[in-house]
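Q: Starting off with a structure, shown below.
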Amino acid sequence: MNALLGTTLRTADELALSLETRAFCAAGKRTFYRQLSFSIGDMITLISGVLIVISILLV
């Protein structure tokens, strides 16, 4: 029981330190490096993947 508590506290401390170094705080809005959006290539890849899965299931 003692080892489990120690491991849990150590993991919580490491997680808190990790969040602090990445500048995440509870009060502010989260910031990210850049906004991600779907491009034409992403849509083509997604549609072809779905078509491949459907064709495999039908055969």
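The values are calculated or read from the model by the stated rules, or taken from the named source; none is laboratory data. Since the structure is predicted, the reported quantities are computational estimates derived from the model, not experimental observations. With ideal geometry, Cβ positions are generated from the backbone for all residues, glycine too; neighbour counts draw on all protein chains shown.
Q: On the given criteria, is Gly49 at pLDDT 90 or above, surrounded by 10 or more Cβ atoms within 10 Å (Cβ to Cβ) and out of contact with any strand residue (DSSP E or B) (no Cβ under 9 Å at 6 or more places or on another chain)?
A: Answer is yes for this residue.
Residues are listed down the side, and each one gets a yes or a no for (1) part of a helix (DSSP H, G or I); (2) at pLDDT 90 or above; (3) of a type in the set (A, V, I, L, M, F, W, C):
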| residue | (1), (2), (3) |
| --- | --- |
| Leu5 | yes, no, yes |
| Ser18 | yes, no, no |
| Ser37 | no, no, no |
| Asp42 | yes, yes, no |
| Ile56 | yes, yes, yes |
